[in-house]
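Before any comments, here is the structure.
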Amino acid sequence: MARPRKTGGAVYPRKGSAFLWVRYRDPDGQIVKESAATVDRQEVERFLRKRLEARDDGILHSVLSGKKITFDEWLDWFLEMRSKPPFRSEKTHLQNLRIAKLLRPFFGSTRLSDISPEAIERYLRRRLKSGRRVPMKFGTDIRGPIRPMTVHQEFRVLKRIFNVAVKQKRLATNPCSSVEFPVPVRNTTRKPHFMTATEQKQIEFWAPNHLKHVITIISEMGLRPYKELMPMKKSQLDLENSIIHIPDSKTPSGVGDMPMTELAREAFRAQMEETRGSEYLFPSTSKRAQKPFISSLKTTWRATLRRSGVPYFPIYHLRHTFASRLSAGGVSDNFVTLMLRQDDSQVFKRYSQAKLNMMREALAQIDRSANERGPSFGTDRPN
C-alpha cells in the first residue's frame, strides 16, 4: 500500500533566498512552492495556513493567479471596477487617475506578488526628494520640494489598491502594512480654523444671500458642503418637523435623517423662498454649468472673506466649528461623533478645539492661596 500524501505543507529555507519558503499541494495534487517574503517563522506559518485554507475553500487557483498579474494589469482593473462611482465619488476617481500616472512608471511591469515593502519605501523616498511640478504655458516648471502630505496621499491610494487585491484573493498580505512613512505628516497638515461668533457676523454681513444660508446651515448642523448640502433637493426637507433626509454621503453612517436647529430651519426656509421654481435648494444660475446645482463656492467664499477682513480658511472648516460648539455646550465626545456622522470616533480629535479652551478656563480658577486658609472646604486634610 502506497504511503499517503502529506497535505499539511511545510516551511523550509531555500538556498540563495533571503526569505523562508512554503511547500504544499494544490487541489490537483501538484506541489506548489512559494516564497513567504519574510523570515519570521510565525508569519510564514500563518501564510501557509492561509494558502491551505484557500485550497480547502476551492479558491487557491484565483489566489495563485495573482502571482502572475502585473501591477499595470491590476491597476487597470482597480480603476475600472473599484475606483469609479458608485464605489468612489467622481472626484476620488480623478484623484486616483492622477496618482496612477505616478505609480505606473515605478511599479508597472512588476508582478503584483513581487512588490515588497522595501520597493514601496524606495518609491516614497524618491518622491519626497523630487520637485513640485507646476504646469506652465510653455512646459513644466519645478518649484521647490514636494509636500510630504502629497506623497502620503499617494501612499494611501497605493495601500487601497493592495487592500482590494487582498480582498480579491490576489495577494495574501498587503505590503504597505509593513511600511512606515519616511517622514512625519501630522505637522504638515493644515490646522482647522474655528470660526468665532464675531467672525461669523462679519462674514455673513458681506456674503451673498445663498452663501449666508450655507454658513448658517453648516455651522448649525455640520453638513458636508459639497457632498450633502449643495446637491440637496427641496423634497429632502421637512420643515414642519425640522428634519432633513440625506440620501448620499461620504460614509454609510452619514446617510439618514437629521434634525435641524431653529436657525438652520429659517435659513432653509429663506433659501427655498429665494429659489422658487427649482427642485434644487441651491440651483446653478450659469447656462454653462455641468450640474443643475452650484458645485463650487470657492470663488465666492474667498471674495467674501477678503471683503470681511477675516483670514482665509476653507469653507469645510465650518464643520469643525459645528463640532467645537457642540463640545463647548457640554455634549459628550461620542455624541458629537454621532452628530458628525463619522465612522471613526478618532476623527473627533481633529474637529474639536473646545476641550483645550475649557481646560484653560479650569486652570484659570486655581486658588493659589487655598493652602494658607484653614480646613474649611469640607474635604479631609491630606495624610
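Bear in mind that the values in this text are calculations on the coordinates, not laboratory data. Bear in mind that the values here come from a model prediction, so they are computed numbers and not experimental data. Cβ atoms come from the backbone with ideal geometry, glycine included; neighbour counts cover every protein chain shown.
Backbone phi angles across region 120-132, fed through the Karplus curve with coefficients 6.51, -1.76 and 1.60 (θ = phi - 60°), yield HN-Hα couplings of 5, 5, 5, 4, 4, 5, 5, 5, 5, 8, 7, x, 7 Hz in residue order; Gly and Pro are listed as x.
Listed by Cβ neighbour count within 10 Å, with the fewest neighbours leading, Ile161, Ile294 appear as Ile294, Ile161.
Taking each of Lys84/Lys159; Lys250/Lys287; Lys15/Lys167; Lys50/Lys159 in turn, the alpha-carbon distance tops 24 angstrom for Lys250/Lys287; Lys15/Lys167.
Note on region 197-362: the alpha carbon radius of gyration divided by the globular reference 2.2 N^0.38 Å gives 1.05. Relative contact order, whole percent, for region 71-188 stands at 25, derived from Cα pairs under 8 Å and 6 or more residues apart. Centre-to-centre separation between the Cα atoms of region 230-300 and those of region 308-329: 20 Å. When you filter the trypsin sites (Lys or Arg not before Pro) in region 288-325 for DSSP loop state and at most 10 other Cβ atoms inside 10 Å of their Cβ, you are left with Arg288.
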